[in-house]
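Enquirer: Below: one structure in structure tokens.
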Amino acid sequence: LEAAISGSDVALAAFEPYMQEGANLAVGGGRLTVDGNLDLDGQQIPLTGTFSGTAEVTGFSLQLPGRDDQMVSWTSLRLAPIEYNVNPARLEIGTVTLSQPVINVVRDSDNIHNLQRVARTGQPSGTGTTSAAPSDNSGDGEADFIFRIGQLMLEDGSVAYTDRTLNPAVTTSFDALTGSVTGLSNIPPQQGKVS
């Protein structure tokens, strides 16, 4: 199968129920645009093939359900180029550009931070227990999934912290954060370099 894939302005709020299966988060907004080529080989399982292209998420925001204050947001997240190999699983991204990200950390009056409320506690009823150890079928210590990011660019980011346990509440922020990380990978001895 050889196919061209293109989509624009896909509303990410529609995928919120999938996100809430593992995290206590609500999607406040966000649009996905993707463009690329999918090539799948015609053979028995495991299916092999590749996807190559670009993707961008714009106007994205996350918040806790029932709250209006945004916890994480950004203007644009661009990934280009993307190369994904189905089997063995390998993801390579040339450059990830994150524009105007905002992170708001809030310590509520009950002494619990908003980030602590993201994780869902307990296991849904009717589900079995699974081993927490990742499977490694290679036998040589290599990861089952390989990823590499050539460069991660951060443009005009900000981090805000609010402490509501005090009266009046204290708020501080770091603004105009810009930098880059190069050479990210989960294959040792690869090491990222931060600027």
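The values are calculated or read from the model by the stated rules, or taken from the named source; none is laboratory data. Being a predicted model, the structure only gives us computed values, none of them experimental. Cβ sites come from the backbone with ideal geometry, for glycine too, and all protein chains shown count toward neighbours. What goes into the accessible areas is simple: the full protein's heavy atoms, side chains included, and nothing from ligands, DNA or RNA. Shrake-Rupley method; radii C 1.70, N 1.55, O 1.52, S 1.80 Å.
Enquirer: Within region 154-173, restricting attention to residues that are among the hydrophobic types (A, V, I, L, M, F, W, C) and under 16 Å from Leu115 (Cβ atoms), which residue is nearest to the chain's Cα centre (by Cα)?
Expert: Here the answer is Val159.
Enquirer: With respect to Val96, is the statement that it is in contact with a helix residue (DSSP H, G or I) (Cβ under 6 Å, 6 or more places away or on another chain), assigned to a strand (DSSP E or B) and on the phi < 0 side of the Ramachandran plot true?
Expert: Taking the combined requirement at face value, the residue does not satisfy it.
Enquirer: Could you grab the pairs with beta carbons closer than 9 Å, sequence gap of 6+ or different chains, first residue in region 28-52 and without any contact (Cβ under 8 Å) to a residue 12 or more places away in the chain, second one open to solvent by 70 Å² or more (accessible area, probe 1.4 Å) and of a type outside the set (S, T, N, Q)?
Expert: The qualifying pairs are Asp41/Leu1; Asp41/Leu47.
Enquirer: Hey, can you tell me all the residues within region 61-94 that are open to solvent by less than 70 Å² (accessible area, probe 1.4 Å) and in contact with a Lys or Arg (Cβ under 8 Å, 6 or more places away or on another chain)?
Expert: Within region 61-94, Leu64, Leu91, Glu92, Ile93 qualify.
Enquirer: Let me ask something else about it. State whether one or more residues within region 80-87 are hydrophobic (A, V, I, L, M, F, W, C) and at pLDDT below 95.
Expert: Taking every residue of region 80-87 in turn, at least one turns out to be hydrophobic (A, V, I, L, M, F, W, C) and at pLDDT below 95.
Enquirer: Only residues that are at pLDDT below 95, β-branched (Val, Ile, Thr) and surrounded by fewer than 14 Cβ atoms within 10 Å (Cβ to Cβ): list them for region 113-172, please.
Expert: Result: Thr121, Thr127, Thr129, Thr130.
Every residue, every condition in (1) basic (Lys, Arg); (2) more than 21 Å from Gln100 (Cβ to Cβ); (3) in a strand (DSSP E or B), yes or no:
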{"residue": "Ala13", "(1), (2), (3)": "no, no, no"}
{"residue": "Glu16", "(1), (2), (3)": "no, yes, no"}
{"residue": "Thr33", "(1), (2), (3)": "no, no, yes"}
{"residue": "Gly53", "(1), (2), (3)": "no, yes, yes"}
{"residue": "Val57", "(1), (2), (3)": "no, no, yes"}
{"residue": "Ser73", "(1), (2), (3)": "no, no, yes"}
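Enquirer: While we're here: Give the residue that is surrounded by the fewest Cβ atoms within 10 Å (Cβ to Cβ), with candidates limited to residues of region 35-51 that are of a type in the set (Gly, Ala, Ser) and part of a strand (DSSP E or B).
Expert: The qualifying residue surrounded by the fewest Cβ atoms within 10 Å (Cβ to Cβ) is Gly49.
Enquirer: Are any of the residues in region 40-60 closer than 24 Å to Gly192 by Cα, under 16 Å from the mean Cα position of the chain (by Cα), hydroxyl-bearing (Ser, Thr, Tyr) and modelled with pLDDT of 95 or more?
Expert: Yes; the residues of region 40-60 include at least one that is closer than 24 Å to Gly192 by Cα, under 16 Å from the mean Cα position of the chain (by Cα), hydroxyl-bearing (Ser, Thr, Tyr) and modelled with pLDDT of 95 or more.
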